[in-house]
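*Asks:* I am attaching a structure below and will ask some questions about it afterwards.
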Amino acid sequence: MRKIILVIAAGMLVLGGCKDEKKTVENKPQVNEKADSLERVLEQERNERADMAAIQNEILEGFRLISEAEDRITLAKGGEGADKAEQIRENMAFIQEKMKTNRELIEKLRQQLRESSINGEELKKTIDGLVKQLDEKDKQIKLLREQFQTELNTKQEQITQLDQQVTTLNNNVETLKDESSQKSQTIKEQDRQLNTAYYVFGTKSELKEQGILAKGEVMKGNYNKNYFTKIEDIRLEKEIKLYSKSARLMTSHPMGSYSLTPDATGQYVLRILYPDQFWSTSKYLVILVK
């Protein structure tokens, strides 16, 4: 955190020179405020990760208990006595109950992930991994049912009920998959919107003609949005050549987040040093050139 503040301060000194030293001091509370805000965001994320880790531990413990019940069924298969089928039935019921609990915990985790601020891809992988385990356990339950059909044939009513539970589980797993896919698509669309921006540069007469500049104000009233150039991903497009020996930003963007300097031919080039910071105030950039 301290390194980030020092880098920003150093950049401002290079751009502004000694003349901007007083301005840098005046901006110090703003930098501290941003640092505090970032720390709060990081603290919230740590808390969210801790909560979700606790839920995941409960789910993993449920899978462990299911595996133990599967081992007990295997032992019961080799046993003798009238209670063998009963032991198998009890353990199958136990497995179904734990599967139900795990399904509810995954739903709880999914809801918490939906409301969290953690990176979307990480959330998707978490859900996909747990759903995959549910799929694997479902296959194992089906295999157990097939293996022990003979032992449980006198309790057909219970088997029918078990089939209904498995069907419900399958439906819920499919629902989780669909919702996970929908969430992934939503996250991609949100990411696209968050990282899209627009810019335009032109002379005063050109900007006035498009309604972008009117009575000294920028983008007030009706103006031609189609005149702007679209930036598909602000994280990738960081340099704009202006083909002019005079250039001035008409929209507000944080100092230190960009540089506006001439190239070897004397024509200005806008270089965006910190995209997130530069586009934080506006996703529209207007540059006046001559």
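*Asks:* Is it the case that some residue within region 272-290 is modelled with pLDDT of 95 or more, under 30 Å from residue 190 (Cα atoms), under 33 Å from the mean Cα position of the chain (by Cα) and open to solvent by 80 Å² or more (accessible area, probe 1.4 Å)?
*Replies:* yes
*Asks:* Check 226, 222 and return the single one that is farther than 19 Å from residue 274 by Cβ, in a loop (DSSP other than H, G, I, E, B) and free of Cβ contacts under 8 Å to residues at least 40 places away in the same chain. Give the steps one after another, and end with the answer.
*Replies:* Values: 226 fails: in a loop (DSSP other than H, G, I, E, B).
Exactly one of 226, 222 is farther than 19 Å from residue 274 by Cβ, in a loop (DSSP other than H, G, I, E, B) and free of Cβ contacts under 8 Å to residues at least 40 places away in the same chain, namely 222.
*Asks:* Got a number for residues in region 236-249 being more than 33 Å from the chain's Cα centre (by Cα) and either under 17 Å from residue 207 (Cβ atoms) or open to solvent by less than 20 Å² (accessible area, probe 1.4 Å) (or both)? Let's see the steps before the verdict.
*Replies:* The first filter runs over region 236-249 and keeps only residues more than 33 Å from the chain's Cα centre (by Cα), leaving 242-248.
Within this subset, residues satisfying the condition of being either under 17 Å from residue 207 (Cβ atoms) or open to solvent by less than 20 Å² (accessible area, probe 1.4 Å) (or both) are 242-244, 246-248.
Residues in region 236-249 being more than 33 Å from the chain's Cα centre (by Cα) and either under 17 Å from residue 207 (Cβ atoms) or open to solvent by less than 20 Å² (accessible area, probe 1.4 Å) (or both): 6 in total.
*Asks:* Just name the residue that is nearest to residue 127 (Cα to Cα) out of those in region 73-83 that are open to solvent by less than 50 Å² (accessible area, probe 1.4 Å) and part of a helix (DSSP H, G or I).
*Replies:* In this case the residue turns out to be 73.
*Asks:* Considering only residues that are under 19 Å from residue 231 (Cα atoms) and either of a type outside the set (A, V, I, L, M, F, W, C) or free of Cβ contacts under 8 Å to residues at least 40 places away in the same chain (or both), look in region 198-212 and name the one that is surrounded by the fewest Cβ atoms within 10 Å (Cβ to Cβ).
*Replies:* Among residues in region 198-212 that are under 19 Å from residue 231 (Cα atoms) and either of a type outside the set (A, V, I, L, M, F, W, C) or free of Cβ contacts under 8 Å to residues at least 40 places away in the same chain (or both), the one surrounded by the fewest Cβ atoms within 10 Å (Cβ to Cβ) is 198.
*Asks:* Could you please give the count of residues in region 239-265 that are of a type outside the set (Lys, Arg), out of contact with any Ser or Thr (no Cβ under 9 Å at 6 or more places or on another chain) and touching a residue at least 24 places away in the same chain (Cβ under 8 Å)? Give the steps one after another, and end with the answer.
*Replies:* Narrowing region 239-265 to residues of a type outside the set (Lys, Arg): 239-240, 242-244, 246-247, 249-265.
Going one step further and asking which of them are out of contact with any Ser or Thr (no Cβ under 9 Å at 6 or more places or on another chain), we end up with 239, 242-243, 246-247, 249-250, 255-256, 258-265.
From the residues that got through so far, the ones that are touching a residue at least 24 places away in the same chain (Cβ under 8 Å) too are 239, 242-243, 246-247, 249-250, 255-256, 259.
Summing the residues that are of a type outside the set (Lys, Arg), out of contact with any Ser or Thr (no Cβ under 9 Å at 6 or more places or on another chain) and touching a residue at least 24 places away in the same chain (Cβ under 8 Å) in region 239-265 gives 10.
*Asks:* Suppose we filter region 256-271 for residues that are surrounded by fewer than 16 Cβ atoms within 10 Å (Cβ to Cβ) and more than 14 Å from residue 239 (Cα to Cα); how many remain?
*Replies:* 3
The values are calculated or read from the model by the stated rules, or taken from the named source; none is laboratory data. Please read these numbers as outputs of a predicted model, since none were measured by experiment. Note that each Cβ is placed from the backbone with ideal geometry, even for glycine, and that neighbours are counted across all protein chains shown. Surface areas here come from the heavy atoms of the whole protein model, side chains and all, with no ligands, DNA or RNA. Shrake-Rupley method; radii C 1.70, N 1.55, O 1.52, S 1.80 Å.
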